[in-house]
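Notes to accompany the following structure.
The values are calculated or read from the model by the stated rules, or taken from the named source; none is laboratory data. Since we're looking at a predicted model, the values are computed, not measured. Note that each Cβ is placed from the backbone with ideal geometry, even for glycine, and that neighbours are counted across all protein chains shown.
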Amino acid sequence: MKTTRLSLVVLAFLALSVFLSPFLVAQNVQDLLNKGDDYLDVKYDNQKALDTFFEADKISPKNWEVYWRISRAYVYIAEHMPENSSTAKDAQLAVFQKAYYYADQSVKLAPTEAITYVRRAIANGKIALFKGIFSVGGVVNAVKADCDKAIALGNGGNYVQALAYYILARTNAEVSKKWKPARSLLGLGWADLDVAITDYKKAIDLYPNFRMFYFDLGYAYMRKDDYADARDMFNKVISSPKKDENDDSLLISAKAILEKIKDK
């Protein structure tokens, strides 16, 4: 009788373990994702964030939530890599390409999630800027297409949608610097500074008090010689709280620009 009872207890325990196992794995993965996000957004330790996301990948392979975060960490790491030699630049490009790979995988795994397209657009945008946007017209068009798709999906929350509008705005702004007939030959005739300004404003409406958004809109206004609105944006850079690892440098740059345009 005791043996039978013991066997029943063991069987019950095993059954409970099987039932709880997926829940425990999911909880473990979410804890790692939260930890990695904290490394990126609070501690600004990009390498530890990447290591943490790869821990999550071991527990839950081919997880789109893990993959887009790996892409994000790679972008942040690449942004801070040295660029003082051709070898260093090649290494930096390789990391941006890793960021693209993981973002692309996340799109394939979750094609109805806006964040996956946003992260792929960011990685692709970095590659385009690195190579020269007018030498990789197809990549630039892919960035625009991913932003359009993310906006059309409309999910992910205000920050994700704001990023989609911001990347789209910045792409329009950068491409519009080149003479339109010349870029039209590359399939980039759609770019327009006024459209960029409109999209920057949409990003700010969705996610206000973010220095990067104000800074780039201020620069766009300067290109149109609209210095009153430019000063307003750079002052908002100064008054906004720090939310990103690059915010300190944006603050310094905004103050310097305001000094230069104070009488314009």
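Values computed for the structure shown
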| read-out | value |
| --- | --- |
| Single residue of region 178-187 satisfying the filter (basic (Lys, Arg) and in contact (Cβ under 8 Å) with a residue 40 or more places away in the chain) that is surrounded by the fewest Cβ atoms within 10 Å (Cβ to Cβ) | 178 |
| Restricting region 55-66 to residues that are outside any loop (DSSP other than H, G, I, E, B) and touching a residue at least 12 places away in the same chain (Cβ under 8 Å), the residue that is surrounded by the fewest Cβ atoms within 10 Å (Cβ to Cβ) | 59 |
| Residues (farther than 18 Å from residue 249 by Cα and surrounded by 14 or more Cβ atoms within 10 Å (Cβ to Cβ)) located in region 70-91 | 70, 71, 72, 73, 74, 89, 91 |
| Residue match in region 159-174 (condition: under 25 Å from residue 203 (Cα atoms) and without any contact (Cβ under 8 Å) to a residue 12 or more places away in the chain) | no |
| Of residues in region 71-92 being of a type in the set (A, V, I, L, M, F, W, C) and touching a Lys or Arg at 6+ places or on another chain (Cβ under 8 Å), the one farthest from residue 30 (Cα to Cα) | 78 |
| So residue 203, is it touching a Cys at 6+ places or on another chain (Cβ under 6 Å) and of a type outside the set (Val, Ile, Thr) | no |
| Filter result for the condition that a residue is surrounded by 19 or more Cβ atoms within 10 Å (Cβ to Cβ) and more than 14 Å from the chain's Cα centre (by Cα), over 116, 52 | 52 |
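Here is a yes/no grid of residues against (1) surrounded by 15 or more Cβ atoms within 10 Å (Cβ to Cβ); (2) in the same structural domain as residue 75 (by TED's automatic domain parsing); (3) of a type in the set (Phe, Trp, Tyr):
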position	(1), (2), (3)
189	no, no, no
194	no, no, no
200	yes, no, yes
206	yes, no, no
218	yes, no, no
224	no, no, no
241	no, no, no
254	yes, no, no
